[in-house]
Amino acid sequence: MGIGRRDFLKKSAALTAASLVGINLNIKKDGVTLGESASAGENLMRIPEEVKNSPAYKQEGGYTWVRGVCRFCGTGCKVWLGFKDGKPAVIRGERNSAINFGFLCMKGMLFYKLFRHPDRLTQPLYRKSKKEPFRPISWEKAYEIIADEMIKAIKKGEWTPYGWSGIAYYGSGQALTEETYLFQKLFRCIGTNNVEGNPRLCMASAVGGYLTSFGTDEPAGGYADFDKAQTIFIIGSNTAECHPILYRRIMHNKLKNPGGYMVINVDPRISPTSKIADIHMQFKPGTDLALLNALAHVIVNEGLYDKEFVSKYCAFHIYTKGRDKNPLLGHQVSFEEYKRFLSKYTPEYAAQICGGNITPEMIRKVARRFATTRTVSIWTMGLNQRTRGVWVNNLVTNLHLLTGNICKDGADALSLTGQPNACGGVREGGGLCHILPGHRIVKSKEDRESLEKIWGVPKGTIPPKPGYHTVKMFSAISYTEQDRKRFPGLKPIHFIWIEETSPLQSLPNVRRFREGFARDDVFVVVNEIFPTRTTEFANLILPTPFHFEKTGVYGCTERRSQLTPVAVKAPGSCRPELQIIVEFAQVLAKKLKRERDPRLRARAHTVYQCVAPFIEAAKKDPWWELAKAVWTEYAQHVTKGRDSTLAGATYEVLLERPDGVQWPAPTVEIARKGGTLRRFVVGKDPLATEFVKKHHLEGWEVVDYGHLHCLPTLPPESRYRFWIWLRPYKGPAEPPDAEYPFVLSTGRVIDMWHTASMTGRILELASDYPYAWVEINPKDAQRLGIQPGDLVLIETRRGKNIIPARISTDEGPMEGMVFVYWYDQEKHRMINFCTLDAFDPGSKQPEFKICACRIKKYAPAQPLKQYLVKLVKVKGGYLHNAELDPNER
Amino acid sequence: MEKKRATEERRKFLKVTLGAFLSGALTSSCDLSRLKNPKTMVKSPIGPNILRPPGAVPEEHFAQKCIRCGRCGEVCPYHCIKYFDVKDGGVFSGTPYVNVMEKPCYLCMKCVYVCPTGSLVPCAKEDVRMGVAVINRQICVTWQQDKTGLMCKTCFSVCPFSGVAIKIDHDFRPYIVEEYCTGCGICAYSCIADTWYENNGKKAITIMPIKWKKIKEIKLEDIKKS
């Protein structure tokens, strides 16, 4: 037999055709999009009656709208969440808001996709050992376990001047004010000052800066100053990406006043912000202190300073180690001494240190512009994340005080916050180891006692010494030989409760902390909505509601507090943090009562007393009434009479206002009008007016009533005045050298938020930014033979990363510097394996921005995939995908 | 004369049989009813968002030049190069394309070097002209910011030539500089205008294919026409 030629041809033709058909199989994408996993027809709305009867609720265009605040950055944009058919379907800006005027960025517009995301945690998960899989347990069982483990950890540690050494709380600038307040109250009542939060990584230096310059925390003006300013001095901030709504405001002002509005951007990197800059000052990373002192030198020597303002309202201070006891106070010096101190920092000297494109002429030009026009300075992590963060904050404020560019319209030293509630929750709510709510400090006996009186707990409940700051706290968990050497007398921590943050991705030099957390003698409780790089090391994961699924207040950069009411039902058995605290404290109190140790038994009462005022509200309605009760205690009692008073800002007023309330707002009438825009100005700030009357300071237009500057021990020439600090130049902790010749700096990108556990799950954003990259100067790239997209090996003394390169000719870091984005969860692209954990001795904020590294080409370009930590079902429970993957451990 | 007629007859006969053979061969393997339009047998399926890979010769020559070897798709690290099916366009079946809405071209320029026939001509990244992006200002959330209040810079920040091929004006509204747009489609793929509730899932950017010759002197009017 055989096959005919024609047959053969026919068949082969058919085969070819078939193979061609087979090449392209149009497989339709799965139609399920995020945020829609609720069953059809289910109504997800949970709107309290009180909200329904307020201006924060409306029906329009077939949608039901509820007003709240954006979940992301520190700008504090007011948003409307829209429901269609009972499901969250859209977010849009509030037009009457004085912050965003209806504008939003993409993160803000898309976060509704995270309600009912399939990755959401919906039940408490527990495991005894970190090697086992997680098993779901009930809430009651979870409380029992936490209480037992906590008492065990307390007993393992000892009683110290800062309280129990074995336990710690690590909070977040993204937790609501009520939550931070109640969490820190609980931990102080249990008896420890080991209360910290991630604002230590982002805002601590600004706190130190304001505290030393003004005697009290937080800025004097607000965003409204952008509209009346003539010069915007941006230093260490990529406003275009990190605060896009504010960037828009600045840009619009610039366009409205052609020629009359100057933007000066000071940054070693040409960032998207540089696009609107008239002058871009590019200096070597870590030389900012010299540059700012040189600006002051020009202002003083050319006589451009505001003589009246300086002589009337300013004093000069210096801190000399050995001579002065308190670094916050230092001692007073004369103007002549300040002049002598500045004489070293000539523009020529500074230009030589700063390098980059800085010339003496440029410094003179900028200083003259700064002094002769109304100027607003804005800065963020570029200044704060430095080993001399407090000093450099002081130096910026110095320029404003010298030139009188403060306490008037269009002139302010404004530190932009990174997180939505770092100001409101943590700085005002007492979420750090050395501060207590209402701008009180732990070290002050008077402050502690006033708080104990309000709380109704016995005197001496709050330990008198500050606890461990972030780096020390996590070192006490890893507790290696090296840690003990670095912090003499370090006591180990065996229990940590982490709230709404992922420190095991966001801490610097994170490897050693991760190794510590992997041990089984540390019990880790994490409150989270999604699996993260931190839940990976948890013993107990408590699922909590997302934004708009619980009620609470966020306080943004400009001292503004805004309310977000509950509007969406939380998935599964999620419980709001406030309910968790109240219920857990009752369990803990019962267990403490049965203890033998009298010190522990005595704490049973204080712990119960801590939550006693909220037990009824928690039973009645944990979603709205409980938050309201906590806020009432915080605002009406704790902040009353303090400079951060929110006594007038009740929930009713906050629901009414389209843009929240700026403290000081001592009465409801003032709060109804939006509070105080300008602090320290007599006539505009009710507290200043009162203060001047009380202390008989006739003729004072501006008064610094910050508690540190009113101490009776101060010389009269420094009292009630702003302080100009003498801060010498100091370089970074780890400058580049022959072995590690590059400077490594890290930052954020517009559409990705911090560790990307939320934004990484919004498909639209994640498809644009699936992985992090390193920005390299084209000249360096050419020298090292690195092409765009190539995988680059970054090595520091602490770790290494493999990251794709991006080389742009019109944007990017200066020569000798590389810039990496830190949102990526993939282990090899987590840049915090490389960053340095040296910290500011004043603010204890680590120096993320500068460390030495070396780079080389690792592999040619290849497609990379997004990596997200997820829970997967395994035999006997759940594990994180990262725990199963040996590459990721 | 008669001979000539006979030749014509023969030619006609040959044509008919060839046609019959071809259609027979095709029907044996695939259902003809799947062909959307019989015309697609000869009409190029290249259209909005469906583009040739980088460096492709003009469309009228492409199908003749390409030998359907499949190397370009093989080497593409992002798997964005796909091949036309018979049902997409008969004579174009097996030729490569990029559907930017499924996966855009990331301009790695690997495909042009493996093409054995010169259907894809090696060129520099910035010289690629797969098409040109066109922004629908009625859909773009930033162009409609009076209505939406949104400041989206997504297309601008993802563009490999951001600031050159896509620029943003003082209100963050994006516009395309046609002269420099490579048509890679990353902006169209990333556009998130479809998530805005009033847009009914429409994206604001479309990549229109352009003719090779016109690359340098292409004008806005031409794009509007197309």
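The values are calculated or read from the model by the stated rules, or taken from the named source; none is laboratory data. What you see is a predicted model; the values in this text were computed from it and never measured. Positions of Cβ are backbone-derived with ideal geometry, glycine not excepted, and every protein chain shown enters the neighbour counts. Side chains are part of the model used for accessible areas, which takes the heavy atoms of the whole protein and leaves out ligands, DNA and RNA. Shrake-Rupley method; radii C 1.70, N 1.55, O 1.52, S 1.80 Å.
Does the range A:633-691 hold any residues that are part of a strand (DSSP E or B) and open to solvent by 10 Å² or more (accessible area, probe 1.4 Å), and which are they?
Result: A:675, A:681.
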Checked against (1) in contact (Cβ under 8 Å) with a residue 12 or more places away in the chain; (2) facing chain A (nearest Cβ under 8 Å), residue B:149 satisfies every condition except (1)
Among the residues of the range A:258-287, what is the count of those that are within 14 Å of chain B (Cβ to nearest Cβ) and free of Cβ contacts under 8 Å to residues at least 40 places away in the same chain? 6
I need every pair where a residue in the range A:440-460 that is in the same structural domain as residue A:194 (by TED's automatic domain parsing) has its Cβ under 6 Å from the Cβ of a residue that is open to solvent by 50 Å² or more (accessible area, probe 1.4 Å), sequence separation at least 6 or different chains. A:442/A:434; A:452/A:459; A:454/A:637; A:456/A:609; A:457/A:609
Restricting to the range A:228-257, name every residue that is within 11 Å of chain B (Cβ to nearest Cβ) and either in a loop (DSSP other than H, G, I, E, B) or out of contact with any helix residue (DSSP H, G or I) (no Cβ under 7 Å at 6 or more places or on another chain) (or both). A:244, A:245, A:248, A:252, A:255, A:256
Residues (under 17 Å from residue A:380 (Cβ atoms), open to solvent by 10 Å² or more (accessible area, probe 1.4 Å) and of a type outside the set (D, E, K, R)) located in the range A:209-244: A:236, A:238, A:242
Would you confirm, using the coordinates I've provided, whether residue A:229 is under 24 Å from the mean Cα position of the chain (by Cα), over 30 Å from residue A:471 (Cβ atoms) and not charged (D, E, K, R)? no
Being open to solvent by 10 Å² or more (accessible area, probe 1.4 Å) and either within 15 Å of the chain's Cα centre (by Cα) or farther than 18 Å from residue A:722 by Cβ (or both) is the filter here; which residues of the range A:379-402 pass it? A:380, A:381, A:382, A:385, A:387, A:388
For residues that are more than 30 Å from residue A:733 (Cα to Cα) and open to solvent by 10 Å² or more (accessible area, probe 1.4 Å), scanning just the range A:745-768, find the one that is farthest from the other protein chains (Cβ to nearest Cβ). A:757
Is the range A:724-742 home to any residue that is in a strand (DSSP E or B), touching a Ser or Thr at 6+ places or on another chain (Cβ under 9 Å) and outside the structural domain of residue A:441 (by TED's automatic domain parsing)? yes
Among the residues that make up the range A:290-302, is at least one of them open to solvent by 10 Å² or more (accessible area, probe 1.4 Å), in contact with a helix residue (DSSP H, G or I) (Cβ under 7 Å, 6 or more places away or on another chain) and within 14 Å of another protein chain (Cβ to nearest Cβ)? no
Does residue A:617 satisfy being surrounded by fewer than 22 Cβ atoms within 10 Å (Cβ to Cβ) and touching an Asp or Glu at 6+ places or on another chain (Cβ under 6 Å)? yes
Qualifying positions in the range A:807-826 - within 20 Å of residue A:852 (Cα to Cα) and either without any contact (Cβ under 8 Å) to a residue 24 or more places away in the chain or surrounded by fewer than 19 Cβ atoms within 10 Å (Cβ to Cβ) (or both): A:815, A:816
May I ask you to say which residue of A:203, A:109 is open to solvent by less than 10 Å² (accessible area, probe 1.4 Å), without any contact (Cβ under 8 Å) to a residue 60 or more places away in the chain and farther than 20 Å from residue A:523 by Cα? A:109
Looking at (1) open to solvent by 20 Å² or more (accessible area, probe 1.4 Å); (2) modelled with pLDDT of 95 or more, can you tell me which one residue A:158 breaks? (2)
When residue A:74 is run through (1) small (Gly, Ala, Ser); (2) more than 12 Å from chain B (Cβ to nearest Cβ); (3) surrounded by fewer than 24 Cβ atoms within 10 Å (Cβ to Cβ), the failure sits at (3)
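Does residue A:119 satisfy the criteria of being open to solvent by 10 Å² or more (accessible area, probe 1.4 Å), farther than 16 Å from residue A:585 by Cβ and either out of contact with any Asp or Glu (no Cβ under 7 Å at 6 or more places or on another chain) or not aliphatic (A, V, I, L, M) (or both)?
Values: open to solvent by 10 Å² or more (accessible area, probe 1.4 Å): yes; farther than 16 Å from residue A:585 by Cβ: yes; either out of contact with any Asp or Glu (no Cβ under 7 Å at 6 or more places or on another chain) or not aliphatic (A, V, I, L, M) (or both): yes.
The answer is yes for residue A:119.
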Residues of the range B:68-98 that turn out to be under 18 Å from residue B:209 (Cβ atoms) and β-branched (Val, Ile, Thr), as a count: 4
Going through the range B:81-125 one residue at a time, which ones are farther than 17 Å from residue B:50 by Cα, in contact with a helix residue (DSSP H, G or I) (Cβ under 8 Å, 6 or more places away or on another chain) and within 12 Å of chain A (Cβ to nearest Cβ)? B:109, B:110
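Could you count how many residues in the range B:138-183 are assigned to a strand (DSSP E or B) and open to solvent by 40 Å² or more (accessible area, probe 1.4 Å)?
Total satisfying the criteria: 3.
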Between a first residue in the range A:400-415 that is assigned by TED's automatic domain parsing to the domain that holds residue A:220 and under 14 Å from residue A:684 (Cβ atoms) and a second residue that is assigned to a strand (DSSP E or B) and open to solvent by 10 Å² or more (accessible area, probe 1.4 Å), which pairs have beta carbons less than 6 Å apart while being 6 or more apart in sequence or on different chains? A:407/A:681; A:407/A:702
Please work out which one of (1) outside any helix (DSSP H, G or I); (2) surrounded by 24 or more Cβ atoms within 10 Å (Cβ to Cβ); (3) out of contact with any Lys or Arg (no Cβ under 9 Å at 6 or more places or on another chain) is the condition residue A:580 fails and give its number. (1)
Could you check the range A:472-539 for helices (runs of 4 or more DSSP H) lying wholly inside it with 2 or more residues that are among the hydrophobic types (A, V, I, L, M, F, W, C)? A:510-517
Can you name the residue in the range B:41-70 that is part of a helix (DSSP H, G or I) and buried (at least 19 other Cβ atoms within 10 Å of the Cβ) and is also farthest from the other protein chains (Cβ to nearest Cβ) among such residues? B:62
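Is one or more of the residues making up the range B:205-213 assigned to a loop (DSSP other than H, G, I, E, B), modelled with pLDDT under 85 and either over 30 Å from residue A:253 (Cβ atoms) or touching a Pro at 6+ places or on another chain (Cβ under 8 Å) (or both)?
First pass over the range B:205-213, keeping only residues assigned to a loop (DSSP other than H, G, I, E, B): B:209-211.
Restricting the remaining residues to those that are modelled with pLDDT under 85 gives B:210-211.
Within this subset, residues satisfying the condition of being either over 30 Å from residue A:253 (Cβ atoms) or touching a Pro at 6+ places or on another chain (Cβ under 8 Å) (or both) are B:210-211.
Yes, the range B:205-213 contains at least one residue that is assigned to a loop (DSSP other than H, G, I, E, B), modelled with pLDDT under 85 and either over 30 Å from residue A:253 (Cβ atoms) or touching a Pro at 6+ places or on another chain (Cβ under 8 Å) (or both).
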Could you check the range A:57-68 and list, in sequence order, the residues that are in contact with an Asp or Glu (Cβ under 8 Å, 6 or more places away or on another chain) and under 19 Å from residue A:625 (Cβ atoms)? none
So, in the range A:492-518, of the ones that are more than 16 Å from residue A:150 (Cα to Cα) and open to solvent by 30 Å² or more (accessible area, probe 1.4 Å), which residue ends up nearest to the chain's Cα centre (by Cα)? A:511
